[in-house]
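The values are calculated or read from the model by the stated rules, or taken from the named source; none is laboratory data. A quick note: this is a predicted structure, and the numbers were derived from the prediction, not measured. Positions of Cβ are generated from backbone atoms using ideal geometry, with glycine treated the same way; all protein chains shown enter the neighbour counts. Quick note on the areas: whole protein, heavy atoms, side chains included, nothing else; ligands and nucleic acids left out. Shrake-Rupley method; radii C 1.70, N 1.55, O 1.52, S 1.80 Å.
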Amino acid sequence: MRPIQMVDLKKQYHHISDEINKAVLDVLESSAFINGPAVHEFSENLAAYLGVKHVIPCANGTDALQIAMMALGLKPGDEVITPSFTYIATTEVVALLRLKPVFAEVDKQGFCLDPEQLEKAITPRTKAIVPVHLYGQPAPMEEILSIAEKHGLHVIEDNAQAIGAMYHFENGKSSKTGSIGHIGTTSFFPSKNLGAYGDGGAISTNDDQLAEKMRMIANHGQQKRYYHDMVGCNSRLDSIQAAILKIKLEKLDAYIEARRAVADYYDQAFEASEKIKTPWRAPYGKHVFHQYTLQLENVDRDGLQKFLAEKNIPSMIYYPVPGHRQKMFDTLDNETVDLPVTDWLTKRVISLPIHTEMDKDQLAYITQSVLEYVHN
Ligand SMILES: *Cc1c(COP(=O)(O)O)cnc(C)c1O
């Protein structure tokens, strides 16, 4: 059996290496390393894929969040609501911009912002909400948008883990995640569902003015060269990564189906176990399974991880420390923040290997091993 990895980037590359190698060599030959034609082409293709008017490429998913927040014209101390149960980048940029991250509770079954708890976190200083489509599951956007509208708040979707996921509205309309809020941000970190061979990120929006402003912010606040209208940063997707991503975007839907097939296999294998709760699939959306994350009931999680590791099966805890308990936010008076669901999940989740290249032997071995430990 092929060694099991959380993500098998090498095998995926080997399937597409002819195309990728040619595209990379073309960029090398053109020597248009920065802002070459591939950057523009990929951005246009991604805009069409997401169904948005504008895609602004940038250096990584963290920058995408930062640029989006800079474009909202917020003032120091303004509050931005995010889940605590997310990757640190979501909240870190809020603090970096001297804004105040306010942690809201997530829903126990879906892992995303709980609309009821979100509304309770709103104060007169709240200016924006950043829902995260965690593990590839769309957050309940319809409810989040209606709360945002009611209170006049901006919505930035952190779509780093869910590119390609679909949201179905009550009126029958469907939209890709990242195209629903005022702004969507994503990451092309190699292990993400649409991964580059290095760093990359992008911002999506239907708002012409925000798009223009974010383009300028990502480029030192300039529209005309050497005339700088606002303080920005330097955040670019390079041409080699764009050329690679252009090819991989064409395969994204097939990659998503491969991930969903792995999730189906796991779901079935664990269906009968009362100690394993398989991921909820929200009826309002299509999950793209960036991670396959179980909730364990009365199982020694450390013991399970160790048992699996001895059998050469990797597993991960996303994330062991929630945002409101991170040292970097010690100054925020988070002692008063009470997020029982987040704390509960932090102790009970475990993510199993999931990627586009898994075979039945690996899946059988993983599921049998998990069940062997859990039911012995
Ligand atoms: C990966 C990730 C990011 C940051 O992306 P980078 O490209 O690593 O900067 C932000 N938010 C979430 C939820 C992520 O998973």
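Quick notes on this structure:
- Among PRO124, TYR365, THR342 the positive-end extreme of the charge dipole of the chain (Cβ point charges): PRO124
- Placing a label point 7 Å from the Cα of ALA254 along the Cα-to-Cβ direction, the residues of the range 14-58 whose backbone N falls under 17 Å of that point are 14-23.
- These residues, PHE85, PHE33, go from largest to smallest accessible area, 1.4 Å probe, as PHE33, PHE85.
- Inter-site label distance for SER174 and HIS14 at 7 Å from Cα along Cβ, in nm: 3.4
- The range 149-199: C-alpha gyration tensor shape, a/c 1.5 cut-off, then a/b vs b/c: oblate
- √(5λ) per eigenvalue of the Cα gyration tensor, the range 252-374, largest first, Å: 28, 19, 14
- FRET efficiency, 1/(1 + (r/R0)^6) with R0 35 Å, evaluated for MET6 and GLU44 via beta carbons: 0.65
- Within the shell of other residues whose beta carbon sits under 10 angstrom from the beta carbon of PRO340, the net charge comes to -2, with Lys and Arg scored +1 and Asp and Glu -1.
- Packing, as the average of other Cβ atoms within 10 Å across residues, places the peptides 251-258, 111-118, 292-299 in the order 111-118, 292-299, 251-258, highest first.
- Charge context of ASP264, other residues only, Cβ under 14 angstrom, K/R +1, D/E -1: +2
- Remark: the chain carries 45 Å² of accessible area per residue (probe radius 1.4 Å; ligands, DNA and RNA excluded).
- Each residue was assigned an accessible area with a 1.4 Å probe, and for VAL341 the value is about 40 Å².
- Between the range 1-48 and the range 286-312, the alpha-carbon center distance in angstrom: 31
- About the Cα centre, charge dipole magnitude for the chain (Lys/Arg +1, Asp/Glu -1 at Cβ), debye: 480
- Cα gyration tensor shape for the chain, rounded if a/c is under 1.5, else prolate or oblate: oblate
- Inter-label distance, nm, simple model (7 Å from Cα along the C-beta direction), SER146/HIS220: 4.8
- Solvent-accessible area of the chain (1.4 angstrom probe, protein heavy atoms only): carbon and sulfur portion equals 50 percent.
- Sequence ranges 235-241, 172-178, ranked by mean other-Cβ count within 10 angstrom, highest first: 235-241, 172-178
- ³J(HN,Hα) computed for each position of the range 317-325 - Karplus, 6.51 cos²θ - 1.76 cosθ + 1.60, integer Hz, glycine/proline x: 10, 10, 10, x, 10, x, x, 5, 10
- The range 326-376 versus the range 117-186: alpha-carbon centroid distance in Å: 23
- Order by protection proxy (mean Cβ within 10 Å, highest first), peptides 188-198, 2-12, 132-142, 64-74: 132-142, 64-74, 188-198, 2-12
- Using the Cβ of ASP107 as centre and a radius below 13 Å, the other residues enclosed give a net charge of -3, where K and R count +1 and D and E count -1.
- Using C-alpha pairs below 8 Å separated by at least 6 residues, the relative contact order for the range 252-374 is 36 percent.
- Value at 222 nm in deg cm²/dmol, rounded to 500, when DSSP H runs of n ≥ 4 in the chain each add -39,500 (n - 2.57): -12000 deg cm²/dmol
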